[in-house]
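Quick notes on the structure that follows.
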Amino acid sequence: MSRSPIDDARVTRAVRRHLGDVAGIADLHRLSGGASRETWAFDVVRDDGGRHNLILRRDPGPAIGEASRATEYELVRAAQLAGVPVPTVRFLLDEDDALGSGFVMDRVEGATIPRKILRDDTYADARSVMTGQCADIAAEIHAVELSTLPKLATLGAVEQIAQHRAILDGFGEPHPAFELGLRWLEQHAPEPSPPGLVHGDFRLGNFIVGPEGIRAVLDWELAHLGDPIEDLGWLCVKSWRFGNVQREVGGFGDADELLERYGEATGTTVPSGRLRYWQVLGTVKWGVICELQCFSHLNGQVRSVELAALGRRVAEMEWDLLELIG
């Protein structure tokens, strides 16, 4: 489906097609953030005057196919049925909706801006419990029955090392720190574990947080099958601490507590070295993504100051990587 304009009339028709007769919608507006997806908020107005808050999440253009939104819709639905805290999905857009590729879900109130969550007094109690909550939620994600999921790629360490090396080779410029990191990853790869559902972007910024803690997990478009500890390692990547670098878990917690709580939730023991391995791979991954995003601006594919600025982060990732592998 190609990109289509969004307006009250189109959204109202889509809501009535999928949810039944309603009085209308109100307060349709696009939310800030989300470079790869558009996020729109609106209220469904019932005949009795009551309102239900919803979110429309869609691809910004035709470059990303319909299957990706359908896959994310199915993922969120499967996660919800397994007890993972996610927004309730309501319906998947189709051709007759004329709104492009996307889906509609409930709007969960709360904060998503990391610096606000890490610094505001409102979230002081939340910060004290979020490490345990992250461990418990990750355990729930990794326990989702694979038979309930849509078809997903399997991306273990070997596949991701090859993937990142191929991307780096395509840039045509040297990055010796990343090459050193990839060789370290090859030499220290853990024994493959049975694949589980991996969220793929499990970190602050993709959590909706209230004063009591995490209310929902968002942004499932990078989900795949692989080593579940990948999610914990990604959560501990330095960039996702947002300035609170001494707190290894998302800028709010400690790795020992994360592993202990995850072990209690899953009945397994995760060696700290395995967490560190996926932290190293996550650092390489984010560095490659920063480079890729910057190149998309430089080659004119997507002109964006935000993407151009990500090029500066590449050197930060190289430094973080060298610190991690010693």
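The values are calculated or read from the model by the stated rules, or taken from the named source; none is laboratory data. These numbers were taken from a predicted model, which means no experiment stands behind them. A quick note on method: Cβ atoms are made from the backbone with ideal geometry, for glycine too, and the neighbour counts reach across all protein chains shown. Side chains are part of the model used for accessible areas, which takes the heavy atoms of the whole protein and leaves out ligands, DNA and RNA. Shrake-Rupley method; radii C 1.70, N 1.55, O 1.52, S 1.80 Å.
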If you scan the range 10-42, which residues turn out to be open to solvent by 50 Å² or more (accessible area, probe 1.4 Å) and part of a strand (DSSP E or B)?
-> D27, H29, R30
The range 240-292: number of residues that are among the hydrophobic types (A, V, I, L, M, F, W, C), surrounded by fewer than 22 Cβ atoms within 10 Å (Cβ to Cβ), in contact (Cβ under 8 Å) with a residue 24 or more places away in the chain and part of a loop (DSSP other than H, G, I, E, B) | 2
For the range 220-230, name all the residues that are in contact (Cβ under 8 Å) with a residue 40 or more places away in the chain and not small (G, A, S).
-> W220, E221, H224, L225, D227, P228, I229, E230
So the helices (runs of 4 or more DSSP H) completely within the range 43-147 holding 2 or more residues that are of a type outside the set (S, T, N, Q), free of Cβ contacts under 8 Å to residues at least 40 places away in the same chain and within 24 Å of R241 (Cβ to Cβ) are 114-119
